[in-house]
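Here's the structure, in structure tokens; my notes come after.
The values are calculated or read from the model by the stated rules, or taken from the named source; none is laboratory data. The structure presented is a predicted model; accordingly, all values stated were derived computationally and were not measured. Here Cβ is always computed from backbone atoms with ideal geometry, including for glycine, and neighbour counts include all displayed protein chains.
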Amino acid sequence: MAHRKPLTGKEVALHNSRESCWIIVHGNVYDVTDFLDGETGGSKIILKYAGKDATKEYEPIHPPDAITTNLKPEKHLGPVDPGTVEKIEEVITAEERARQVRIAARPHLSEILNLHDFEAIARTVLPEKAWAYYSSAADDEITIRENHCAFHRVWFRPRILRDVTKVDWSTTILGHKSSMPLYISATALGKLGHPDGELTLTRAAAKHGIIQMIPTLASCSFDEMVDAAAPGQVQFLQLYVNKDRGVTKRIVQHAEKRGIKGLFITVDAPQLGRREKDMRQKFEAEDPSEVKQAGQGGVDRSQGAARAISSFIDPGLNWSDMNFFKSITNMPLILKGVQCWEDALEAYDMGLAGVVLSNHGGRQLEFARSGIEVLVEVVDKLKEKRGLNFPNEKFQLFVDGGVRRATDVIKAVALGATAVGLGRPFIYAFSSHGQEGVERALQILHDEFEMNMRLLGARNIKEIVPEMVDASNIHLHTVSVPNDNLYDTNYERLQGARIREIRSKL
Ligand SMILES: Cc1cc2nc3c(=O)[nH]c(=O)nc-3n(C[C@H](O)[C@H](O)[C@H](O)COP(=O)(O)O)c2cc1C
């Protein structure tokens, strides 16, 4: 029940326990006692803010409407008188001051020549936690590197003496125009990198005629991103399937009503991978004496940002659920995270619209193969088993992971992909220069397309054919130090455990 008079900070502060837990978000008070579902990391974080203003912690992790949508109306307790809320003294650490200096000194956009440059800048200007979340990948981070390196095993066989005065690299994706054969893949928690979060992507995508795949776990709300789209701008939705299918149905049908043109169901994350850079942040941020192991009667707070936001994802998702999706929507259904031809074939036989050959940017199963490698086997086998040729309008193949250059995209298109997805490059672009950064990244890709199409002798997407690439080494799996300085200097090596006592004595 809403109070008539604004609550005071003192009143809110009284509700600071598991029995009665109120928090303030954006000037409003919410009774979140029912969100405390036992000994989970999520409950622990909520309790840390019990009786206090939680806006700063809440904002990058949750869209603005998350609390109002998920909490019963009677738990919305109304506004708080801002003058009465105890201000939490913000301590600006020496590290933060140094970061501000680096932000002020970052290179001008015109100095940025390729997508690797954005990664290098993001690494220096992002807060440590955000960099850890964005850059991390599973276990020993072999797959994340392989994603990129696999493109080095595909070489070009260009054609000469074709009139390449005019070249056109535009295409269609699921029947919708795109100025390049690529799209912005779904990546969560945009506000960790920039206050406008995913909206920077929406706006830049509009300017460049590119499709944005909206993530389920965005920091901005779904409606904010759709509202920010230009008239006619095409957006897809990435879906994590909730254990409560009622919630999933609501999300999907709302998306369709709002004009979303494709549903990408993530199928490679029944449990989130161990991303140790991200996890290590948790250990360092908190008092280690309090960190206990899950399953030993304690609270496992060691899982980083990723796990904190993903406990709703249903590990029981299976093939029979595809009928459920067909029954609730007419949007094309695409599986995101297919990793072998057998599953691609199954998706085709079920009448789905396509698959994304992806290992989630190396963040899930370590030693999963790269999307570009899987593409080669999928194209072979679907031709052999069902007589399909690619690219194919009815069943479209997408690839993501490790794409950093237009040449990478061109290789995938030559091998049969309709388009490829890019994740981190756009996050790093907005983290370093906001929307303008994303626009610059897209312009760089356009420029790379123009030159490489000419050098390859392909005047349009149809002329990028399998004969233009030699992928005969694609299945070689030597894990080696890549001969690729730009990528290598950005790659951050895993750290061993940082021992506090020793560090503080140094
Ligand atoms: C920080 C980050 C967050 C991501 N969040 C999601 C997500 O919420 N859902 C999803 O299906 N994929 C997610 N992905 C995977 C991307 O959609 C994409 O598969 C991957 O980033 C491609 O690899 P790349 O980063 O090398 O381009 C995420 C990737 C990153 C790096």
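The set of residues in the stretch 464-506 being β-branched (Val, Ile, Thr), farther than 30 Å from VAL164 by Cα and modelled with pLDDT of 60 or more consists of THR478, VAL479, THR489.
The set of residues from the stretch 239-256 being within 21 Å of SER320 (Cα to Cα) and either of a type in the set (A, V, I, L, M, F, W, C) or within 14 Å of the ligand (Cβ to nearest atom) (or both) comprises LEU239, TYR240, VAL241, ASN242, VAL247, ILE251, VAL252. Quick check: anything in the stretch 178-195 in contact with a Lys or Arg (Cβ under 6 Å, 6 or more places away or on another chain) and hydroxyl-bearing (Ser, Thr, Tyr)? Looking through the stretch 178-195, none of the residues is in contact with a Lys or Arg (Cβ under 6 Å, 6 or more places away or on another chain) and hydroxyl-bearing (Ser, Thr, Tyr).
When restricted to residues that are of a type in the set (S, T, N, Q), away from the ligand (no atom under 16 Å from the Cβ) and not in a strand (DSSP E or B), the stretch 137-190 contains 3. On the stretch given as the stretch 392-442, residues that are within 11 Å of the ligand (Cβ to nearest atom) and in contact with a helix residue (DSSP H, G or I) (Cβ under 7 Å, 6 or more places away or on another chain) total 14. When residues in the stretch 171-187 are screened for being out of contact with any strand residue (DSSP E or B) (no Cβ under 7 Å at 6 or more places or on another chain) and surrounded by fewer than 22 Cβ atoms within 10 Å (Cβ to Cβ), 3 of them pass.
Can you find a residue in the stretch 312-330 that is within 13 Å of the ligand (Cβ to nearest atom), at pLDDT below 95 and under 24 Å from the mean Cα position of the chain (by Cα)? Among the residues of the stretch 312-330, at least one is within 13 Å of the ligand (Cβ to nearest atom), at pLDDT below 95 and under 24 Å from the mean Cα position of the chain (by Cα), which makes the answer yes. Could you check the stretch 125-136 and list, in sequence order, the residues that are within 11 Å of the ligand (Cβ to nearest atom) and of a type in the set (D, E, K, R)? None; the set is empty. Among the strands (runs of 3 or more DSSP E) confined to the stretch 300-419, there are none with at least 2 residues that are surrounded by fewer than 18 Cβ atoms within 10 Å (Cβ to Cβ) and touching a strand residue (DSSP E or B) at 6+ places or on another chain (Cβ under 9 Å).
You will find that of ALA130, ALA150, ALA120, ALA138, the residue that is buried (at least 23 other Cβ atoms within 10 Å of the Cβ) and more than 19 Å from GLY416 (Cβ to Cβ) is ALA138 and no other. Of the strands (runs of 3 or more DSSP E) contained entirely in the stretch 6-94, those carrying at least 1 residues that are closer than 24 Å to LEU189 by Cβ fall at 22-25, 28-31.
Being in a helix (DSSP H, G or I), closer than 24 Å to ALA132 by Cβ and away from the ligand (no atom under 11 Å from the Cβ) is the filter here, so list the residues in the stretch 191-213 that pass it. Of everything in the stretch 191-213, those that are in a helix (DSSP H, G or I), closer than 24 Å to ALA132 by Cβ and away from the ligand (no atom under 11 Å from the Cβ) turn out to be LYS191, LEU199, THR200, LEU201. Considering only the stretch 79-92, I want to know if a residue exists there that is under 30 Å from LEU36 (Cα atoms), of a type in the set (Lys, Arg) and within 16 Å of the ligand (Cβ to nearest atom). No, every residue in the stretch 79-92 fails to be under 30 Å from LEU36 (Cα atoms), of a type in the set (Lys, Arg) and within 16 Å of the ligand (Cβ to nearest atom). For the stretch 219-238, a tally of residues being touching a residue at least 12 places away in the same chain (Cβ under 8 Å) and more than 16 Å from the ligand (Cβ to nearest atom) returns 8. The condition of being within 16 Å of the ligand (Cβ to nearest atom), under 17 Å from ILE313 (Cα atoms) and in a loop (DSSP other than H, G, I, E, B) holds for THR216.
Among the residues of the stretch 270-279, is there at least one that is assigned to a helix (DSSP H, G or I) and modelled with pLDDT under 70? No; the residues of the stretch 270-279 include none that is assigned to a helix (DSSP H, G or I) and modelled with pLDDT under 70. Taking every residue in the stretch 317-332 that is under 26 Å from GLN271 (Cβ atoms) and touching a residue at least 24 places away in the same chain (Cβ under 8 Å) and pairing it with any residue that is outside any helix (DSSP H, G or I) and among the charged types (D, E, K, R), at least 6 positions away or on another chain, the pairs with Cβ-Cβ distances below 9 Å are ASP321/ASP314.
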